Each structure stands twice: as structure tokens, then as C-alpha cells.
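Peer 1: Dropping the structure in here first, questions after.
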Amino acid sequence: DVYETSDYSTYNFIQGWDSTNTSHYTSISYSAGNLWTSSSPNNNETGTQVIHRRDIGTGTWYDETGNLPVNIGIANKILVTNSNVHLATTTGYYKKPIGGQWNYPTEDFPGGQISCVGYYEPHQFYYAGTVQGEVKTTPDLNAPSSKNDDGLKIDSRVWDMEFTSSGNMVIQSNTVRWQAGVNLPFAERVNGLAPMSFYRTSAHNPTNGNIALSGGFDTKYTSDYGVQWNSTNLNQYAEEVKYSNTQNMYFARQFNSIRRAGENGDSWTTIAGNINNPLPSAIALKDDDTSDFRIGMATATTVWELNENGTYTGSMSLNGLQPGEYFELLDWSSFYNGWIGATAEGRVYARNNNTNSWDLIDELQHDILFLGANSLPIPNSASNEVILVGTYGGGVYSNVSPTAVTETPGSVPDKYELEQNYPNPFNPATTIRYSTPTTSRVTLKIYDVLGRELATLINEEREAGTHEVEFNATDFPSGVYFYRLQAGGLAQTKKMMLVK
């Protein structure tokens, strides 16, 4: 299957080229209004590889396999640049001009089995990763003489590579590693880590850059961004590590205790020990107010609150949860003004301080691996906090449902103007039209009757023209709202009514 999203919240299904579901996609790339895919027959990764292109505008699929040999092995990565299509396979590298035929370079990359290819446009350099763990760079994949034989050799397959807008290369492999930039060499960041150990939890001090990392058999820290990992006196691994910006301390949950370390994460002390019958199952920090810092600790029967010294300051029963349920993940939510928790059964709850119980937020039907709440301004949303829930096999869920925004430039007007929305009253969507005679910085925001800002529809530069913006108020209650435009010298507000 193929899915697409324009807002990172709602994913829409795209009918694949193979409606019989007898094959599966191995890679995907997008360029100039076209979606390119490589696919293999189900249960046969090394079978005939098929390349297809989908015209995004018409939705039509086209077969681009052409003269590609049958026995190319596994198509690991397809990459489309301005004029060429690149295919990394376990038998080597293939290339064709868009609209042309496939050709095979005269020399394979070292090792032959290419797992991924990448292209950094500002420098016009190609990069290739191999199954054997090599990373090579060249300005022309067809020119063997230009290959850089001083590339990185790592200890595991290079699964994929991407480039950030700042020029950093990020590669995915089986070990911890960093990359400072496309012109600098990779640096493996595993010195001091126990071999063959799985490090599962970490926390980062943004002030001094130190990182505490736990897993395997112990807890490590680094003060140089992973060049060297150092041992601590926490000679058992922690199941969770958190960092408090307000307290400038690390906190960790071990088997039956809560530990604390200073800003460097190098030396740990026990602040709450011998927590037995039941054992702690999750911890979280209320870290939004220096004067009201709290540690939340969940067990099979209770959610406890502790201060930074480990003194118990409060407790909450699990009223509202299903029999036998308890929290495996916990966090503080400013939106709910209380703790939120996730259970092994896939349910997410929020603490209701009025009823001293837990309200069910959602039931996701999947094992939950991650729960996090972050207070931040969210464009096109009535909420100022996003709660993310990551599941095993079920995707990522969020409480935020952004309002849909579309915009259509029109003819160039002679003045700034904000028009009345239509329809009005509306349910649930309405259109707001405005005009800008020159390219201008434009903000368009939604407010309630108390003057509280609820959503930002636009906050960026817009070209001259008459524009239409659709405001979708599905998540808003009925009532009177105001929309305010600021552009050039204009600042104007109009009223609209939502009737459900």
C-alpha cells in the first residue's frame, strides 16, 4: 500500500499499481509531480523487480521497468534526481535518464551490493551505502575514477541515508554514529559502550550537551557528544532516564528505586529505594514550573507524586482503569492539567482532578511504545499541546486535528482588503478571502469572544493577489469567533458564527 499526508496527521490511501496485492513495495521516491516505486513479488525478495511511476496529477500508473535485467537481486532504494532515476540493488547500481533506457555502469561499487543511494543537491555529490557497511561519495556515479576510496567502513549494513537542509548527512545502521556534515568524515560514537548491548533509553542536557544513556548492563554518560562514553556509579541499567530543565538534574527509574544525578549525568544517588510490592512501572516529570516540580511514579495500584528529593507528596488510585490495568508509560499534560498514562492494553487515560478518577482519552488496540505531551504553539489547531502516542504496528496517533488550509492566488488587486467569510453562519467549514497588492508578510488568526488566540491559519510571506483560505472548525464548539488579518499596513478583524 501507499499512503500520503499533507499535514502529518491524516494519511490518505493511494491505490497502488497492483490491485491484486501479489507484490510489495521495496522503495519509494518523489520528483517533479511523479511518484516512483520499486516492488517485488510477495514472499520472493529476489524475484523480478518492477519499477513504476505514478503521475500525481492524473493518478495514472506507468510501467518504467523497460530493459532492466531480470536478475538484479533486491531493489533496495530508488532515487530520482532532476533528470535521472537511480536504483541501488544487491547486484550493483543501475541508472536511466527520465524517459530513457536503463544502463549499467562498467564498474560496481566496492562490495557490489548497494543498499542505498543519496544525492546532496547543493554540492551535486552522490553518496552510496553498501550492504557491507561502506559509504562512498562521487560527483558522478558513472565515473569509477572519481570514487572516494577513503569512505567510511562501518560494522553493519547502511540501511538508508538522508540529508538535512543544513548539510548534515544522517545514516541508519545498526550502531550509534554521528555525522557533522557532508564535507566531514563520519565518526562512530560507540567508544566506551558495552559490545553487543542494546541501549534503550537516554536523556539530553541541552545546556551543556551531556547525554545519559542506559541499557545493556549499566548507565553511561558523555560530555563530548558521544566521542567517548564513560561509566557511572549506576552499575545497573535504568529502564527510564529523564532530564529536568527546571531542576537541572537527571532522574532514572531502576528495578525498585528512583535515582538522581546532577547536570552531567555522571554520578547517581538513590532518592527513593526499596519500592516493592508493587514495583514502579513508569516515571515522568512535571517540569513546566520551577516552583511546582513533581516526579510522577506509576505502580500496579497507584500513581505517586514525589519531589526532587524523593519525598512522597501525594498519591492517586487507578479508579477509572479496567480491572488489572496499570500504566506502563506516564507524562504530564498541561492541556489536562494533570498526568496522562498509557496501559499495556492500548488505552490512554487522563487524570480528572474534579472526580479524582481517570478518564479514557482513547483506545488504540495496539501495544503502546511511546507517550509524550509537549506544550507549544500548533498552527491551525485549537490546542496548545500535542500529545503523541507511538504504537507497535499501529502507527503514531495525535490529539491534534489541524484545520485544513487551502489557498488560491487570483488577480493582482490595488489595495489590502479582508472580506466577510462565506458561508456565514457555517458548519463546519468556511472560506476567508483577502487581497494583497504586493508580496507581503501575512498573518491570519482565529480568536474567541474573550480574545484568546485559537488558531493560526497563515503566518508567512504571500505573493500579491486575491487569496482564499478554508477554515475547518470541526474541533470547535458552536459560537461567535473572530478572524484577524495583518498584512502590509492593514490590521482588520471580522466576526463569524459557527452553528452546529
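The values are calculated or read from the model by the stated rules, or taken from the named source; none is laboratory data. Keep in mind it's a predicted model, so treat the numbers as computed, not measured. In this analysis, Cβ positions are derived from the backbone assuming ideal geometry, glycine residues included, and neighbour counts consider all displayed protein chains. Protein only, heavy atoms only, side chains kept; ligands, DNA and RNA dropped before computing areas. Shrake-Rupley method; radii C 1.70, N 1.55, O 1.52, S 1.80 Å.
Residue by residue, here is whether (1) within 29 Å of the chain's Cα centre (by Cα); (2) modelled with pLDDT of 80 or more holds:
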site	(1), (2)
LEU329	yes, yes
ASN337	yes, yes
ILE378	yes, no
SER383	yes, no
VAL386	yes, no
THR403	yes, no
LYS415	no, yes
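Peer 1: Also, quick follow-up: Find the residue count for region 343-372, including only residues that are assigned to a strand (DSSP E or B), open to solvent by less than 80 Å² (accessible area, probe 1.4 Å) and modelled with pLDDT of 85 or more.
Peer 2: So in region 343-372, the residues assigned to a strand (DSSP E or B) come out as 343, 347-352, 357-363, 368-372.
Then drop every residue that is not open to solvent by less than 80 Å² (accessible area, probe 1.4 Å), which leaves 343, 347-352, 357-359, 361-363, 368, 371-372.
Those left that are additionally modelled with pLDDT of 85 or more: 343, 347-352, 357-359.
Residues that pass the stated criteria total 10.
Peer 1: Do you know which of the residues in region 64-122 that are among the hydrophobic types (A, V, I, L, M, F, W, C) and part of a loop (DSSP other than H, G, I, E, B) is modelled with the lowest pLDDT? Please lay out each step first, then the result.
Peer 2: Within region 64-122, the subset among the hydrophobic types (A, V, I, L, M, F, W, C) is 68, 70, 72, 74-75, 78-80, 85, 87-88, 98, 102, 109, 114, 116-117.
From what is left, the residues that are part of a loop (DSSP other than H, G, I, E, B) are 68, 70, 72, 74, 98, 102, 109.
Values: LEU68: 80, VAL70: 70, ILE72: 70, ILE74: 72, ILE98: 84, TRP102: 82, PHE109: 46.
Ranking the qualifying residues of region 64-122, first place goes to PHE109.
Peer 1: Just checking, which of TRP268, TRP229 is modelled with pLDDT under 90, of a type outside the set (D, E, K, R) and open to solvent by less than 30 Å² (accessible area, probe 1.4 Å)?
Peer 2: On the way: TRP268 fails: modelled with pLDDT under 90.
Unique residue meeting the criteria: TRP229.
Peer 1: Taking region 420-446 on its own, how many of its residues are within 25 Å of VAL499 (Cβ to Cβ) and either among the hydrophobic types (A, V, I, L, M, F, W, C) or in contact (Cβ under 8 Å) with a residue 40 or more places away in the chain (or both)? Give the steps one after another, and end with the answer.
Peer 2: Residues of region 420-446 that are within 25 Å of VAL499 (Cβ to Cβ), as a first pass: 420-434, 444-446.
Applying the additional criterion that residues be either among the hydrophobic types (A, V, I, L, M, F, W, C) or in contact (Cβ under 8 Å) with a residue 40 or more places away in the chain (or both) yields 420-421, 424-432, 434, 444, 446.
Here the count works out to 14.
Peer 1: Now a separate question. Could you run through region 446-464 and say how many residues are over 14 Å from LEU490 (Cβ atoms) and assigned to a strand (DSSP E or B)? Quick ask: steps written out before the conclusion?
Peer 2: Taking region 446-464 and keeping what is over 14 Å from LEU490 (Cβ atoms), we get 446-457, 459-461, 463.
When the remaining residues are screened for being assigned to a strand (DSSP E or B), the result is 446-447, 453-457, 459-461.
The number of residues fulfilling the criteria is 10.
Peer 1: Name, by its number, the condition in (1) open to solvent by less than 70 Å² (accessible area, probe 1.4 Å); (2) modelled with pLDDT of 80 or more; (3) assigned to a loop (DSSP other than H, G, I, E, B) that does not hold for SER38.
Peer 2: Exception for SER38: condition (3).
Peer 1: Kindly establish whether ALA238 is in a loop (DSSP other than H, G, I, E, B) and open to solvent by less than 30 Å² (accessible area, probe 1.4 Å).
Peer 2: On the way: in a loop (DSSP other than H, G, I, E, B): yes; open to solvent by less than 30 Å² (accessible area, probe 1.4 Å): yes.
It is true that ALA238 is in a loop (DSSP other than H, G, I, E, B) and open to solvent by less than 30 Å² (accessible area, probe 1.4 Å).
Peer 1: Here's a follow-up. Output the number of the condition that LEU321 fails; it satisfies all remaining conditions of (1) in contact (Cβ under 8 Å) with a residue 40 or more places away in the chain; (2) open to solvent by less than 30 Å² (accessible area, probe 1.4 Å); (3) under 16 Å from ASP359 (Cβ atoms).
Peer 2: (1)
Peer 1: Of all residues in region 243-265, count the ones that are surrounded by fewer than 19 Cβ atoms within 10 Å (Cβ to Cβ) and touching a Phe, Trp or Tyr at 6+ places or on another chain (Cβ under 7 Å).
Peer 2: Result for region 243-265: 3.
Peer 1: Another question about this same structure. What are the residue pairs meeting all of these: first residue in region 201-227, first residue more than 19 Å from SER244 (Cβ to Cβ) and among the hydrophobic types (A, V, I, L, M, F, W, C), second residue at pLDDT below 80 and surrounded by fewer than 16 Cβ atoms within 10 Å (Cβ to Cβ), Cβ atoms under 7 Å, and 6 or more apart or on different chains?
Peer 2: PHE217/SER197; VAL227/ASN191
Peer 1: Moving on. I'd like the residue in region 277-321 that is outside any loop (DSSP other than H, G, I, E, B) and aromatic (Phe, Trp, Tyr) and, out of all such residues, is farthest from GLY338 (Cα to Cα).
Peer 2: Of the residues in region 277-321, the ones outside any loop (DSSP other than H, G, I, E, B) are 282-286, 290-292, 294-298, 302-306, 312-317.
Going one step further and asking which of them are aromatic (Phe, Trp, Tyr), we end up with 304, 312.
Details: TRP304: 12, TYR312: 17 Å.
Here the answer is TYR312.
Peer 1: Counting just the residues of region 465-492 that are modelled with pLDDT under 85 and part of a strand (DSSP E or B), which one comes out most open to solvent (accessible area, probe 1.4 Å)?
Peer 2: It comes out as ALA491.
Peer 1: If ASP55 satisfies all but one of (1) at pLDDT below 80; (2) closer than 15 Å to ILE98 by Cβ, what's the number of the condition it fails?
Peer 2: Looking at each condition in turn, ASP55 falls short on (1).
Peer 1: Here is a further query. Among the residues that make up region 334-344, is at least one of them farther than 22 Å from ILE387 by Cα and of a type outside the set (Phe, Trp, Tyr)?
Peer 2: Residues of region 334-344 farther than 22 Å from ILE387 by Cα: none.
No, region 334-344 contains no residue that is farther than 22 Å from ILE387 by Cα and of a type outside the set (Phe, Trp, Tyr).
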